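To start, the structure under review is shown below, and the notes come after it.
The values are calculated or read from the model by the stated rules, or taken from the named source; none is laboratory data. It should be emphasised that the depicted structure is a prediction, and the values quoted were computed from it without experimental measurement. Note: ideal-geometry Cβ built from the backbone for every residue, glycine included; neighbour counts use all protein chains shown. Just the protein is used for accessible areas: all its heavy atoms, side chains included, with ligands, DNA and RNA removed. Shrake-Rupley method; radii C 1.70, N 1.55, O 1.52, S 1.80 Å.
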Amino acid sequence: CGDIDRARWLFDRMINKNVVSWNLMISGYVKLGKPDECIHLFDEMQLSTLKPDIVTFSNVLNAYFQCGRVDDARNIFSKLPKIDEICWTTMIVGYAQNGRDEDSLMLFGDMLRRNVKLDNYNTISSVISSGAKLASLHHGQVVHGKVILVGIEKDMLVLSALVDMYSKCGITLDAWVVFETMPIRNIITWNAMILGYAQNGQVPEALALYERMQLENFKPDNITFVAKYFDAISEQGMTPTLDHYACMVTLLGRSGRIDKAVDLIQGMPHKPNCRIWSTLLSVCAKTNLKSAELAANYLFELEPHNAGPYIMLSNLYAACGRWKDVAVVRSLMKEKSAKKFAAYSWVEVGNEVHRFVSEDHSHLEAGKIYGELNRLISILQNIGYNPDINIVLHNVGEKEKFRSISYHSEKLALAFALIRKPNGVEPIRIIKNIRVCDDCHVFMKFASITIGRPIIMRDSNRFHHFFDGKCSCKDNW
């Protein structure tokens, strides 16, 4: 009934507690979102004469994940003498929810090798989501096969996850096949397919599916409109959310209408949050420094320890040659102890995920990778590619700028993929955790001509399908 304090009052006064009594109290704390109390009670139980059972451990694992103590959960899990399906599920779902997607996939593999019964929809959908986040098509296809094998291929939660996974791997055709063959659909599955088309630059398909959705009497919700029509939100009797406003700020900003984007923010019924101001700052060019400073100053107040706004504003100053202002922003960043997170790219080759950072020499095949990349750069320069050293916003010489721009993480990932599969025909899929820079975008377009195969890149903003010198985003990202 939600009265956990009274439950604890009764529990503390019980004379003869058994394992069931402890488990009821421990699980009560987990269900009501009080993981710290759960862990504390578990520690008390271990000091008693009673031994925790598998039910106890499954609840405690859940509590550790709720607290973000992933390694502590793994430590307990590894010491369990007997592991049931619930514990496997808790670990796999917990890893996925805490951003440990590679661990989630690896643990799922261990589960399959031990022939653990597989019929939990949460386990399957979490593993599929992990594959989607990593754009690991191989793992996603393996799980899809298992879904069919165990006979849960008609579950909407699982099928929606598969649509999302194939879309995030850049394979919208396979996502469409899953969507079309679903026996029944709900708003989640429609949204997954519409968003999949939109993110992959297939705008006509997304709009057509939106119209079909209405014809089949499915009422759009807020998520549907994140990728679609802003004015139609009110017509459907809903109020635009901050996500919708962020999309409109992006649209107005990318079309050069920064003033209208600022007017929209200042006139919105909601108080602008970090996402709104970050969106405005990201679309400001060096000709819109006043708006950029406005957005950055709000972000400095809202998120003083987030390095992103400091870096974006200093980059704009650098692009204008205002090096004194760059120094001021960098000094403020240091004063606030704002730390920059690493930008990296990863690529799946041979069913393994390989990660790279800019100018990375840590890979075992670094020598071959740089040799291949230098060879590719030379070929592309002969057909018109010219590295844009102007985007290197540091006051250094041209040689240093050329080296800096040439060895970005996505270029290293591409070179590695070409080494491993030089004569492949399958698309090369690269994921980057931040927005792809202008030079790398041009580089990938030229590379798609030379290697004669598609390159699918997913950055923090959208998907880019490069083929025959063109990109699906039409150079608007």
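What aspartates and glutamates could a cross-link reach from Lys336, if we take a straight Cα to Cα line under 17 Å and drop same-chain neighbours fewer than 8 places away? Partners within reach: Glu301, Glu303, Asp325.
Counting each pair of different Cα atoms once, what's the Kirkwood radius of the stretch 326-477 in Å, rounded to one decimal?
Over the stretch 326-477, the inverse of the mean reciprocal pair distance is 16.2 Å.
First compute the accessible area of the stretch 1-118 with a 1.4 Å probe, then give the percent of it belonging to carbon and sulfur atoms. Please report the intermediate quantities before stating the final value.
Working: 3470 of 6770 Å².
Roughly 51 percent, rounded to a whole number.
Computed on the Cα trace of the stretch 233-336, the radius of gyration divided by the Kirkwood hydrodynamic radius gives Rg/Rh = 1.02. When the surface is traced with a 1.4 Å probe over the full set of protein chains, Asp438 keeps roughly 70 Å² accessible. Dipole size of the stretch 233-336 about its Cα centre, with +1 on Lys/Arg Cβ and -1 on Asp/Glu Cβ: approximately 380 debye, rounded to the nearest 20.
Are there trypsin sites (Lys or Arg not before Pro) in the stretch 301-402 that DSSP puts in a loop and that have at most 11 other Cβ atoms within 10 Å, and which ones?
Numbers: sites: Arg322, Lys324, Arg330, Lys334, Lys336, Lys339, Lys340, Arg355, Lys368, Arg375, Lys399, Lys401; in loops: Arg322, Lys336, Lys340.
Answer in residue order: Lys340.
Distance between the pseudo-spin-label points of Gln381 and Lys421 (7 Å out from Cα toward the beta carbon): 2.9 nm. When Arg13, Arg275, Arg462, Arg113 are compared by accessible area at a 1.4 angstrom probe, the order from most to least is Arg113, Arg13, Arg275, Arg462. Whole Å is fine, so just give me how far the alpha carbon centre of the stretch 82-96 lies from that of the stretch 1-45. With the stretch 82-96 and the stretch 1-45 each reduced to a Cα centre, they are spaced 22 Å.
Would you mind telling me the antiparallel percentage of the DSSP bridges in the chain, rounded to 5?
Working: 15 of 20 bridges.
The answer is about 75 percent antiparallel.
Counting only protein heavy atoms and a 1.4 Å probe, tell me what percentage of the stretch 233-336's accessible area is made up of carbon and sulfur.
Details: 2910 of 5560 Å².
Carbon-and-sulfur percentage of accessible area, whole number: 52.
Can you figure out the FRET efficiency of Asp5 with Ile54, using R₀ = 30 Å and their beta-carbon distance, to the nearest 0.05? Could the numbers behind the result be given before it?
Working: r = 28 Å, r/R0 = 0.92.
E between Asp5 and Ile54, to the nearest 0.05, is 0.60.
Taking 7 Å steps out from each Cα toward its Cβ at Asp221 and Val328 produces label points 4.7 nm apart. Annotation: the antiparallel percentage among DSSP beta bridges lying fully within the stretch 378-477 is about 60.
For Val328, the accessible surface of its heavy atoms amounts to roughly 90 Å² (probe 1.4 Å, protein chains only, rounded to the nearest 10).
At 0.36 nm per residue, and after removing the present C-alpha to C-alpha distance, how many nm does the segment from Leu112 to Asp475 gain when stretched out fully?
Extending this stretch completely gives an extra 126.4 nm.
Cross-link reach is defined here as a Cα-Cα straight distance under 18 Å, omitting same-chain residues fewer than 8 places apart; for Lys421 the aspartates and glutamates meeting it are Glu348, Glu352, Glu365, Glu372, Glu410. Restricting attention to the stretch 4-182, the count of lysine pairs at 8 or more positions apart or across chains with alpha carbons under 19 Å apart stands at 8. A Cα-only calculation for the chain places Rg and Dmax at 25.5, 84 Å. Using a probe of 1.4 angstrom and keeping all protein chains present, the accessible surface of the chain works out to 51 square angstrom per residue.
Work out, step by step, the length gained on full extension between Asp155 and Ile187: first 0.36 nm times the residue separation, then minus their alpha carbon distance; give nm to one decimal. Gain on extension, Asp155 to Ile187, equals 10.1 nm.
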